[in-house]
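Derivation of every value follows stated rules applied to the coordinates shown; laboratory data play no part. None of these values were measured; they are calculated from a predicted model. Using ideal geometry, Cβ is built from the backbone for each residue, glycine included, and neighbour counts are taken over all protein chains shown.
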Amino acid sequence: MSKTTEITSIISTLSKLNMQRTNYIFSLVHGKSLVHGLPHKVFRKCGKNNCKCKRGELHGPYYALSVNKDGKKKIVMIKKADHRLILKEAGRYQYYQKKLAHIRKINKEIDVLLEKLKFITTKYYP
Ligand SMILES: [Zn+2]
């Protein structure tokens, strides 16, 4: 690959990465609230002897958040009245974390490409 072709290729890739990063950033900066925690369903036994759950048909689903607090994993039950809102906000939190990881990956890729471009185009004088 010629030097000019390589430079053009790097600039093109930088442009794509930068656009992608901008899209990710602006999909996160809406200012809506997020709830920390990974949502999941919980099924339970009630303990009554003649109940269907005794035969394996568990009660639920109930919704809970798996939360990391001080390095420990905690399960927090979500009140039924809060399901819709909390699941939506927890979904936003998961989305945020995922996109943030993408943005960090892109930052590293951009850094590598800029170093490469610097290496290709730098002259040493005299
Ligand atoms: Zn039961």
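Residue count for the stretch 30-87 satisfying the condition of being within 13 Å of the ligand (Cβ to nearest atom) and part of a loop (DSSP other than H, G, I, E, B): 10.
Yes/no per residue for (1) under 26 Å from the mean Cα position of the chain (by Cα); (2) surrounded by 13 or more Cβ atoms within 10 Å (Cβ to Cβ):
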position	(1), (2)
I11	no, no
K16	yes, no
F26	yes, no
G31	yes, no
S66	yes, yes
R84	yes, no
A101	yes, no
E109	yes, yes
